[in-house]
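Below is one structure, written out as structure tokens; comments come after it.
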Amino acid sequence: QVQLVESGGGLVQPGGSLRLSCAASGRIVSIYRMGWYRQAPGKQRELVATFTIGSTTNAEESVKGRFTISGDNAKNTVYLQMNSLKPEDTAVYYCRYSGIVRAYWGQGTQVTVSS
């Protein structure tokens, strides 16, 4: 089993920054099997940023240059640094771990970008 706990969400003004954290515990093979997704009201859950081969990262087009995914192996924790936030970034942000047999999701953390 794998447990994921997100934190760091909140209310921020447009142009502001937030850093989300996802702490993983349990049978973790590698933090580079983790990624961030988000779901806005009335919309489907979408990929935000993940690791691809090794520690190489990949990000959804609308967040490239603004959001950065990183990880700390020693802490089994993945981060999402979000800069230049826009109202359209408002969503519940989820951490996902791709296990050998199945995927695991955290409970989500709300990010609201509003003046």
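The values are calculated or read from the model by the stated rules, or taken from the named source; none is laboratory data. Since the structure is predicted, the reported quantities are computational estimates derived from the model, not experimental observations. Cβ coordinates were reconstructed from backbone atoms using ideal geometry, including for glycine residues, and neighbour counts include every protein chain displayed. Protein only, heavy atoms only, side chains kept; ligands, DNA and RNA dropped before computing areas. Shrake-Rupley method; radii C 1.70, N 1.55, O 1.52, S 1.80 Å.
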It is to be established whether one or more residues within segment 80-96 are closer than 23 Å to residue 12 by Cβ, out of contact with any strand residue (DSSP E or B) (no Cβ under 6 Å at 6 or more places or on another chain), open to solvent by 40 Å² or more (accessible area, probe 1.4 Å) and among the small types (Gly, Ala, Ser). yes
When (1) outside any loop (DSSP other than H, G, I, E, B); (2) over 16 Å from residue 3 (Cα atoms); (3) of a type in the set (A, V, I, L, M, F, W, C); (4) touching a Ser or Thr at 6+ places or on another chain (Cβ under 7 Å) are applied to residue 23, the one that fails is (2)
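For residue 54, state whether it is open to solvent by less than 30 Å² (accessible area, probe 1.4 Å) and either touching a strand residue (DSSP E or B) at 6+ places or on another chain (Cβ under 8 Å) or modelled with pLDDT under 95 (or both).
Details: open to solvent by less than 30 Å² (accessible area, probe 1.4 Å): no; either touching a strand residue (DSSP E or B) at 6+ places or on another chain (Cβ under 8 Å) or modelled with pLDDT under 95 (or both): yes.
In short, no.
Just the residues that are surrounded by 14 or more Cβ atoms within 10 Å (Cβ to Cβ) and either under 20 Å from residue 88 (Cα atoms) or more than 11 Å from the chain's Cα centre (by Cα) (or both), please, taken from segment 24-34.
Pass one, segment 24-34, residues surrounded by 14 or more Cβ atoms within 10 Å (Cβ to Cβ): 24, 28, 30-34.
Of everything in segment 24-34, those that are surrounded by 14 or more Cβ atoms within 10 Å (Cβ to Cβ) and either under 20 Å from residue 88 (Cα atoms) or more than 11 Å from the chain's Cα centre (by Cα) (or both) turn out to be 24, 28, 30, 31, 32, 33.
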Check 3, 44 and return the single one that is assigned to a loop (DSSP other than H, G, I, E, B) and either over 11 Å from residue 92 (Cα atoms) or not hydroxyl-bearing (Ser, Thr, Tyr) (or both). 44
